[in-house]
Structure formats: C-alpha cells, structure tokens
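FYI, it's all coordinate maths here, none of it is from the lab. Remember, it's a predicted structure, so these values are computed and weren't measured experimentally. Don't worry about glycine lacking a Cβ; one is built from the backbone with ideal geometry, like all the others, and counts go over all protein chains shown.
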C-alpha cells in the first residue's frame with residue numbers, strides 16, 4: 001500500500017486528509033480507499049481533533065472519483081466473473097465500513113470539503129458526506145456514473161436529493177453533466193465560493209471558527225441537525241431536547257459561563 005496516496009496531518013485541532021495522486025487527478029484506487037477509511041477513523045478517535053478537512057492535491061481536481069482503469073482490470077478478473085448479484089449485495093450490506101464515503105459520513109466531528117477543479121463521481125459523494133462544502137470558482141461538480149453503466153450509490157442519489165431537491169438531483173444524476181461552482185452554490189450544493197488561491201485559507205478559517213466551540217457541543221449539534229432532518233418536527237424537537245440536556249451535564253457546559261465571567265477564553269476538556 002502506497003502511504004503517499006493519501007496524506008494525514010493535524011494542525012491546530014484540524015485533521016487535514018489530502019488525496020494525493022494528482023498525476024491521475026486524484027482518482028481513488030483501492031489503496032486510497034483503505035487509507036481514507038483508516039484516516040477517518042484516526043481523526044474520529046483523536047481527542048485533539050475537533051474538525052476534519054478534506055482536500056485534493058494538485059491544480060486540476062479534488063478527485064475525479066473511482067479509478068476506472070483499476071475497475072476495468074478488476075471486472076475482467078476471475079473473482080468478478082464468479083460473484084453473483086446476491087453475493088455482491090450481501091458484501092455491501094455486511095456490518096462495518098466498506099467505502100470511504102461511509103467512513104466520512106460516520107465521523108461525529110464537523111467535516112469540511114475543499115473543492116477545486118473536477119469534483120466527480122465518488123469525489124462529489126465524499127463532498128456530500130461532509131457537513132460543509134467550500135468550492136473554488138474553477139470547480140466542476142457532478143456524478144457521471146450513468147455514462148459508465150452504473151449508478152451513483154453510497155448516498156449519491158439520496159444526499160444529492162436532500163441537498164438540492166428531487167428534480168435537480170434527477171437532472172444531475174440522469175444527465176451525467178457537470179455543473180460549475182456558481183450553479184452549485186445557487187442550488188445549495190456548496191456553502192461558500194472562493195478563489196482557488198484562497199481555498200485553503202477559507203477552510204482554515206472555518207475550521208478555526210468551529211474549533212472555538214466545546215467539542216461535545218459540536219458533536220451533538222451535528223447529531224441533532226442530521227438525525228432531526230429525517231424526523232417529524234415533534235420527534236426532532238424531542239431529540240434536540242434530549243441532546244441539549246445531555247450537553248448540560250458536561251464539565252464544558254460549566255466552563256463556558258465561568259470563562260465568560262472571568263473574561264478569558266474557555267479551556268475545553270471534552271467532557
């Protein structure tokens with residue numbers, strides 16, 4: 001496994017996960033899949049990490065998605081020929097995290113995707129599994145799976161519809177066309193636009209603004225928003241109340257008011 005295909009670094013309470021295969025537009029092969037899953041788990045487990053940020057190396061792409069050359073080789077192999085549709089479905093549904101998109105989605109800390117150049121296929125799926133998306137003005141986003149004979153899975157049809165609405169999601173998924181950053185911002189697919197040169201700094205500034213909050217409050221705010229969005233309002237309000245009550249039992253909920261009275265920055269303990 002090539003350790004350099006995905007880079008992991010922690011700076012100022014932010015874990016940076018960088019797709020680092022720019023010579024092929026950061027196309028994600030099996031080595032990268034496993035590294036992304038591993039680094040997502042590492043960021044989740046590290047108490048010093050409050051925010052997780054994803055980006056792509058090079059000037060041309062966040063990532064163009066899965067490595068189609070590797071897929072073609074795998075499809076031509078004997079294992080692919082012997083696997084039945086039922087076996088393939090059972091493997092997908094087996095317990096555990098099997099895809100980098102799932103690994104991103106289960107991180108309980110705030111996640112930010114920094115998008116530039118091509119953000120295609122699994123690249124867009126990773127971005128949509130993040131909480132926040134910041135796009136450079138040269139970004140081009142889409143899911144082209146329909147033009148390769150398969151469909152965007154791992155949340156490709158479901159997260160996209162929840163972000164931009166059913167009609168727009170169908171247009172994007174069925175056409176396989178890419179949209180530019182301005183259109184992605186207009187329809188709510190990305191949160192913020194910036195220039196290519198300012199993309200990293202925009203991510204740093206947003207991560208820093210999140211990291212000023214108490215770690216457990218960040219975690220449960222994220223849980224409340226995501227889970228509540230799929231519930232009837234009354235049930236969602238109950239979830240929100242339960243989580244808010246839980247946060248009020250933490251040491252950090254006492255540290256915040258104390259630091260305010262003493263006119264100093266709070267010292268969070270994450271408990």
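Taking every DSSP helix (H) stretch of at least 4 residues in the chain, weighting each as -39,500 (n - 2.57) and dividing the sum by the residue count yields a mean residue ellipticity at 222 nm of -14000 deg cm²/dmol. Modelled this way, with points 7 Å down the Cα-to-C-beta line, the labels at residue 271 and residue 226 are 2.5 nm from one another.
Measuring between their Cα centroids, region 171-243 and region 1-55 lie 20 Å from each other.
Between residue 187 and residue 47, the modelled labels are 4.4 nm apart [label points 7 Å from Cα along Cα→Cβ]. Between residue 209 and residue 138, residue separation times 0.36 nm minus the direct Cα-Cα distance comes to 23.1 nm.
Of the peptides 145-152, 111-118, 227-234, 188-195, the ranking by mean beta-carbon count within 10 Å, highest at the top, reads 111-118, 188-195, 145-152, 227-234. Can you tell me what share of the DSSP beta bridges in the chain is antiparallel? A percent to the nearest 5 is fine. Approximately 30 percent, going by the DSSP bridge assignments.
Full extension of the chain segment joining residue 108 with residue 235 gains 43.6 nm, where the gain is 0.36 nm per residue of separation less the Cα-Cα distance.
Given contacts defined as C-alpha pairs under 8 Å and at least six residues apart, what's the relative contact order of the chain, whole-number percent? Relative contact order comes out at 15 percent. Stretched out straight at 0.36 nm per residue, the stretch from residue 244 to residue 262 would grow longer than its current Cα-Cα span by 4.1 nm.
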